[in-house]
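Report on one structure; see the data block that follows.
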Amino acid sequence: MPSGPLQLQGCGAETWRSANGARGVTGYFREVGSDRWLALSLARGVGQDPLFDPQRAYAHEAVWGGHTLAKLTTSEIIVGSVSVSAAGRMSSTAEGVAVRGAAMIQGETSEVIDRWSNLRDELQARFVGGLALQIVPVQPVLLKPQRTAAPWFDDLLQQLCWPIEDRDGSWIILTVPLDPDRPDHFEPVSFALPSAGYAGLVLAGATMGQSRYALQPITLIDLSGVRALDLSVIPVPARSLGESFRARFARQPKQFSQRGKPASLILLDEVTAILTGVAETGLRSSSAAGAPFADLAARARDAGFETLGPLLDRIYLTKNVAQDVLACRFVVDQLRVRLVELPWVTR
């Protein structure tokens, strides 16, 4: 759908690789005067153009008005007309493009979040949505930490963790998963992440898990400009990157611990498990079969899930099991997305 004119601020870019082998680079843009985020990608599907390199495309492939994605994602831009999908994806062709200079993003703009409680509300509004709303799997958010701590590597989860504090003194962690198939992504990010004391903005990509949102840092924005983390140029060390990485993080103390899963989400996990069992094997016609449902229904009411309790009762009290299981699963999924928490940590 054509849209314009648009005044955009480039907020950096990141490379990516999908599970099926597609790869590309996506640039993120903030629309000035709006709360809308827009994206522009250069990508190739599985088996297409085996010589395509997302990093090279970012730096050298011309898109709007002959400008590269590297130029556009660090600049203030006026776009006369460009096609924009319902999910905010922009076409690689546009008309009337004018680059006005380096992007200057102020920490006081409405899109900047400096309280993590507001971040949770914002993500909930974006991910829950409605039946007619197209949910974007990765949601860009612009964060303003009050303070940051040194990153550490979590050996158990195989991810880099970077704690950031908001103006209320609450801490969350941004994470970078270690993907052995993408060393060109993980290693630059691990070296580009600042240690304690960073005072700028962070563009992060938020995804929703079963119980927690995951927040992955994409870009640092401060007085030095817009710096895309996995597209940063890192110095080549005397030893291998792997050895340098281990030397940097091997003795980094873990000073934070993650909060446990809330009881309400544990209850929903139990309900999901029993519904899956009924869907796969059916409901046994005995009074004992109803006992787990009665217990879960009572616990659901105690937890304040007034809609879920009666649905669990209906599964073993009525004969229309298939319809009631589907209705119950829909309610569980809706409750779950409303209860997903941020990756809170305590010091």
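Miscellaneous remarks
- Dipole magnitude of the chain, debye to nearest 20 (Cβ charges: Lys/Arg +1, Asp/Glu -1, about Cα centre): 300
- Percent carbon-and-sulfur accessible area, the chain, ignoring ligands, DNA and RNA, probe 1.4 Å: 53
- Among 123, 229, 51, the largest mean-square fluctuation in a Gaussian network model of the chain, built with springs joining Cα atoms closer than 10 Å, belongs to 51.
- Projected onto its three principal axes, the C-alpha set of segment 1-46 covers 37, 23, 14 Å, listed from the longest axis down.
- Shape category assigned to segment 40-116 from the gyration tensor of Cα positions, a/c cut at 1.5: prolate
- C-alpha long axis of helix 308-317 to longest principal axis of the chain, angle in °: 40
- Extended-chain gain in nm, criterion 0.36 nm per residue less alpha-carbon gap, residue 341 and residue 104: 82.2 nm
- Comparing 33, 21, 65 in a Gaussian network model of the chain where C-alpha atoms under 10 Å apart are linked, the largest mean-square fluctuation is found at 21.
- With the simple spin-label model, which puts each label point 7 Å out from Cα in the Cβ direction, the residue 48 to residue 156 separation comes to 4.1 nm.
- Projected label distance in nm at residue 199 and residue 333, using a 7 Å step from Cα toward the beta-carbon: 4.8
- Placed amide H near residue 342: partners under 5 Å, 5+ positions off or other chain: 213
- Mean Cβ count within 10 Å, highest first, over the residues of peptides 159-166, 53-60: 159-166, 53-60
- Estimated from the Cβ-Cβ distance and a Förster radius of 22 angstrom, the FRET efficiency linking residue 32 and residue 115 is about 0.45.
- For the chain, the longest principal axis of the Cα atoms and the long axis of helix 116-128 meet at an angle of about 70 degrees.
- Remark: the residue 301-residue 92 segment gains 70.1 nm on full extension, using 0.36 nm per residue and subtracting the alpha carbon distance.
- Reference-scaled alpha-carbon Rg (2.2 N^0.38 Å with N residues) for segment 143-239: 1.07
- Quotient of C-alpha Rg and 2.2 N^0.38 Å, computed over segment 67-210: 1.20
- Given charges at Cβ of Lys, Arg, Asp, Glu: the chain dipole, positive-most of 7, 90, 300: 300
- Residues whose placed amide H lies under 5 Å from that of residue 61, excluding near-sequence neighbours: 69
- Per-pair calculated FRET efficiency, R0 = 41 Å: residue 222 and residue 291 via Cβ, rounded to 0.05: 0.10
- The mean sequence distance of close C-alpha pairs (under 8 Å, at least 6 residues apart), as a share of the length of segment 27-122, puts its relative contact order at 25 percent.
The values are calculated or read from the model by the stated rules, or taken from the named source; none is laboratory data. No experiment lies behind these values; they were computed from the predicted model shown. Glycine also receives a Cβ, built like all others from the backbone with ideal geometry; neighbour counts cover every protein chain displayed. Areas reflect the complete protein model, heavy atoms only, side chains present, ligands, DNA and RNA absent. Shrake-Rupley method; radii C 1.70, N 1.55, O 1.52, S 1.80 Å.
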